[in-house]
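I have placed the structure first, in the form of structure tokens, so that the comments after it can refer back to it.
The values are calculated or read from the model by the stated rules, or taken from the named source; none is laboratory data. All of these numbers come straight from a predicted model, not from anything done at the bench. Here the Cβ positions follow ideal geometry from the backbone for every residue, glycine too, while neighbour counts run over all protein chains shown. SASA here: full protein model, heavy atoms, side chains in, ligands and nucleic acids out. Shrake-Rupley method; radii C 1.70, N 1.55, O 1.52, S 1.80 Å.
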Amino acid sequence: MSVSTKSAFSKVYSLTKASPYKKYRNFFFVLLLISIFIALLVPFTNFSSDVSKNFERIDFRNLKNLPLVKLTNSASVLAPKNPLCNHWDCFNIYRCGHTGHDRISVYVYPLRKYIDEDGIQASEQLSREYFSLLNTVINSKYYTANPEEACIFIPSIDTLNQDKIQLNLTSRALSSLPHWRNGENHIVFNMVSGSFPDFLPSIELDTGNAMIAGAGFDTLTFRQNFDISLPVFSPAAKSAEVKDITHERSWLVTSSQLNVDPYFLSELQQLKRRHAEYVLVLNACRSHEYARRCDVDDEKTYEYPAVLRRSIFCTVFRGERMGQVVLLEAMAANCLPVIVMDGHVMPFSTIIDWKHFSVFVSENHLSTLMEVLNGISEKRIRQMQRTLLHVYKEYFSSMEKITLTTLDILQDRVYPHLGRTYDVINLMPEEINLNPLFFPITSPKAHGFTAVILTYDRVESLFTLVERLSKVPSLMKVVVVWNHQKKHPPSLSAFPKIPKPINIIKTKANKLSNRFYPYKEIETEAVLHIDDDIVMLTSDEVEFAYEVWREFPDRIVGFPSRTHIWDNSSQKWKYESEWTNEISMVLTGAAFLHKYWSFLYTNFLPSEVKDWADEQMNCEDIAMNFLVANITNKPPIKVTPRKKFKCPECTSNEMLSADMGHMVARSQCVDAFTKAFGRMPLKSVEFRADPVLFKDPFPEKLKRFNDIGSL
């Protein structure tokens, strides 16, 4: 027994003594796991600044003795330009974002001289413009010297002018680039495309899935949301630049473009004969100096492009190629461009609104040019000149500006949530935020709307409305505001099964203003405020109303309309629901509003107005109309002809508006709110928005909105 006991004791003792070693063993095992995890994590962690230091930036100091790359036919696998490319199919977004910041990273290939087996060079020596382009990229915030973290790749092969490259050889040079991958995420720059006799509007290289930043696009060759339209850069434009708007301009319109089509030239000469004091038509002089232009009639000589500073408008025609240097020269001289090029994709047209500072005339209607220009007021001309001066300086005044604008477009495309707004791009700094709402009056980038339904206990009607709203394509979410404190709302499982999320918010007090509270559940800018008894609207009607709101996001856009009138007998303002040509209110029982209005209503509406609506259980919709009109000085917008909004499932005594005293109370609201605001802000308008073809006898497949209800 003693031996056995000793043996057992020894066994227990040895286990107890070994426990510290077990602890150390576990510690080292955990440490090993952590080390392995860190090692695996390193390739995905942002060390861009350190990693980039290990890669050399491009050296421009020795452009004459570049390393040679010999191209062989056997090594070339060429893929023609993919005409179906768009941002979602041909651009690999997953190559972006490896630098740890929300910014694209652009890699420029090292400079090389590409030759074939016979020593023929793919392209001529680097042009001054392409040198400036590459240098701008390298010194920009987007540049990276590390190709592994790059999002965009730019070849160092100068392809700006198709006439100065060997097409097949340059295509082979592009395909030989180490990260080419059939052109994925590469951008090829070009300003002079096509060659005799066809002069195609896009560079004739085998670019595969690469983006083209080109200057000659027409609407047939431009791949929307993929390619980028550029201007043709003109070194001469610098000598035409003006620092501010000059009022002393001798001619209304000048044509200075060389090699204008004979048809257009003939039309211009006829205009000049009829309007000799206002029209100047120039062409090349006999000496053919670019810095000289001669009058087509008397051959009087003018210094060019300085002469453009003496004209209000300058014509720009298509020539053998769509892109023309005269456009940039006219812009530099602050001469408003008159674009006579059907189907041309204007430079940076995806971000710049050319109609703000240019005039577009159809090629077949050139004879109406003077009528069009004479119809523009002096005030409008001054505004266009100011805008042109701003746009030119910001985006077109140098190769550096053109390059950075191109990169900024790519940046906004890859990171749209950080993208610049229409106002920031197109308006001068002093023009931005003139709208007191401090949000753009153009459609938001984010698509879709949230439906906010105010309800008490009409469950059957509520479910019907939710089911019908779910068929509206742009619906993103449904928020049900349950205004009954003594009764619980239906569970989510009881609601109709729809493909969009539903949030139920139970309020603390039965107030009509609860519909306008800025709930955190509302994530879209557009909000459809709708009563639970408005179940007669069709999917097409709601979708169309949303599209109209996108055009006018600072307005109330909706269906039930009312107006206000002055009652001479009582000397008070009166609420009117009769059907008239004029409206001044759109009721929020079925209307789209920007969510910012809910914030203002909750926090900045005059207290006496808000208290009145809450205590009287009435007029919160009128209060919202007063609020919007008071700030914007604009009327609401009624959509579609529907005027009847009675709930077919509801009995008359359930409806708040069925009370005989309803109209009297509403009139009292209008008069009281006018006193609270210190003025009558409501604006009357004779306007209604309808789909263009909804009443026309066209096949339904040609119409976008077929199910538009009548009265």
Next on the checklist: With an 8 Å Cα cut-off and a minimum separation of 6 or more residues, compute the relative contact order for the stretch 438-562 in percent.
Outcome noted: 37 percent
Checklist entry - Whose amide H sits under 5 Å from the amide H of R292, counting only residues 5 or more places off or on another chain, with H placed in the peptide plane? => result Y304
Checklist entry - Amide H to amide H, which residues 5 or more places from N334 or on other chains are under 5 Å from it, using H placed in the peptide plane? => result V242
Checklist entry - Quick one: Cα centre-to-centre distance for the stretch 375-408 and the stretch 442-516, in angstrom? => result 46 Å
Checklist entry - Counting only protein chains, not ligands or nucleic acids, how are S175, S607 ordered by accessible area (probe 1.4 Å), most first? => result S607, S175
Item to check | Table column - 3J(HN,Hα) (Hz), the stretch 107-115, Karplus curve with 6.51, -1.76, 1.60, x for Gly and Pro | outcome: 10, 10, 5, x, 6, 9, 10, 9, 10
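Compute the relative contact order of the chain as a whole-number percentage, counting only Cα pairs closer than 8 Å that sit 6 or more residues apart in sequence. Intermediate values should be presented prior to the final figure.
On the way: 1229 pairs, mean separation 57.3, N = 711.
Relative contact order here is 8 percent.
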Checklist entry - How many angstrom lie between the C-alpha centres of the stretch 148-179 and the stretch 537-615? => result 58 Å
Checklist entry - Check I504: other-chain or 5+ apart residues with amide H under 5 Å from its amide H, H built from backbone geometry? => result V480
Checklist outcome for this item: Expressed in angstrom and ordered largest first, the alpha-carbon extents of the stretch 273-357 along the principal axes are 42, 26, 22
Next on the checklist: Quick one: 3J(HN,Hα) in Hz for the stretch 589-600, Karplus 6.51/-1.76/1.60 with θ = phi - 60°, rounded, Gly and Pro as x.
Outcome noted: x, 7, 7, 9, 9, 6, 5, 4, 5, 5, 5, 5
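Can you tell me the convex hull volume per residue for the stretch 182-264, based on C-alpha atoms, in Å³ to the nearest whole number? Mind showing how you got there, number by number?
Values: hull volume 14.9 nm³, N = 83.
Dividing the Cα hull volume of the stretch 182-264 by its residues yields 180 Å³.
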Checklist outcome for this item: Quick calc: nm separation of the 7 Å Cα→Cβ label points for R181 and F687 -> 4.9 nm
Checklist entry - What does the convex hull of the Cα atoms of the stretch 534-655 come to per residue, in Å³, rounded to a whole number? => result 139 Å³
Next on the checklist: Tell me the net charge near E363. Cut-off is 11 Å between Cβ atoms, E363 excluded, with +1 for each Lys or Arg and -1 for each Asp or Glu.
Outcome noted: -2
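Taking every eigenvalue of the Cα gyration tensor of the chain, multiplying by 5 and rooting it, what semi-axes result, largest first, whole Å?
On the way: eigenvalues 593, 477, 94 Å².
Rounded to whole Å, the semi-axes are 54, 49, 22.
Taking every eigenvalue of the Cα gyration tensor of the stretch 83-162, multiplying by 5 and rooting it, what semi-axes result, largest first, whole Å?
26, 17, 12
Using a ≥ b ≥ c from the Cα gyration tensor of the stretch 276-428 (square roots of the eigenvalues), is it rounded, prolate or oblate, where a/c under 1.5 gives rounded and otherwise the larger of a/b and b/c decides, a/b for prolate? Write out the running numbers ahead of the final one.
Values: a/c = 2.02, a/b = 1.64, b/c = 1.23.
Cα axes put the stretch 276-428 in the prolate bin.
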Checklist entry - From the phi of every residue in the stretch 191-199, what ³J(HN,Hα) in whole Hz does the Karplus formula 6.51 cos²θ - 1.76 cosθ + 1.60 yield, where θ is phi - 60° and glycine or proline is x? => result 10, 10, 10, x, 8, 4, x, 7, 6
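Could you put Y290, Y109, Y519 in order of accessible surface area, largest first, with the 1.4 Å probe and the full protein assembly present? All intermediate terms of the calculation are to be shown ahead of the outcome.
Values: Y290 95, Y109 5, Y519 25 Å².
The most accessible residue leads, giving Y290, Y519, Y109.
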Item to check | Rounded to the nearest 10 Å², the accessible area of R420 at probe 1.4 Å | outcome: 60 Å²
Next on the checklist: Around R515, under 12 Å between beta carbons, what's the net of Lys plus Arg minus Asp minus Glu among the other residues?
Outcome noted: -4
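With the cut-off at 19 Å, tell me which of the pairs K487/K610; K379/K683; K508/K595; K113/K164; K497/K644; K487/K511 have Cα atoms farther apart than that. Write down the numbers at each step before the final one.
Working: K487/K610 25 Å; K379/K683 26 Å; K508/K595 21 Å; K113/K164 14 Å; K497/K644 29 Å; K487/K511 15 Å.
Distance filter (> 19 Å) returns K487/K610; K379/K683; K508/K595; K497/K644.
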Item to check | Surface share of carbon and sulfur [accessible, 1.4 angstrom probe, percent] for the chain | outcome: 54 percent
Checklist outcome for this item: Ordering T580, T406 by the accessible surface of their heavy atoms, 1.4 Å probe, largest first, yields T580, T406
Checklist entry - What is the dipole size for the chain, taken about its Cα centre, with +1 at each Lys and Arg Cβ and -1 at each Asp and Glu Cβ, in debye to the nearest 20? => result 2720 debye
